[in-house]
Amino acid sequence: MKKDDDLLVFDEDEAVKYIYNFIPAELKTRISTDDIDYVLDIMYEFYEENGFIDEDSTEEASIDEEDMFAYILKNIQKDKVVKLSENDLQLILEGEFEYGKSIGVYKED
């Protein structure tokens, strides 16, 4: 049996719940699940703009985390939809990475 494309097993709703449970309680007083969903949407934009999302390929991609962080932070500051510090954003991205590892999308280096 052929393994499904990793992107197909990534459930955004489950990812948001996982990340919300991952972040510290203190951060939950300032950040909602909608805020996390917004960050994930910007992250997907980054992936698309850089050619990391290809529905016909399950090939691994090497993503520059600093570039992605800077891209997301710039868009958050420009859009002014959510108010997140760099540390807040880093925790959300760490939670997303942990979710991805838990479902086999990401591997540790």
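None of the figures in this text is laboratory data; all of them are computed from the coordinates on show. Remember, it's a predicted structure, so these values are computed and weren't measured experimentally. Cβ atoms come from the backbone with ideal geometry, glycine included; neighbour counts cover every protein chain shown.
A few remarks follow.
- The stretch 95-103 - phi-based ³J(HN,Hα) in whole Hz, Karplus 6.51/-1.76/1.60, Gly and Pro as x: x, 5, 5, 5, 4, x, 5, 5, 10
- Local electrostatic count at residue 18 - Lys and Arg +1, Asp and Glu -1, tallied over other residues with Cβ under 11 Å: -4
- Local electrostatic count, residue 31, Cβ distance below 14 Å [Lys/Arg +1, Asp/Glu -1]: -4
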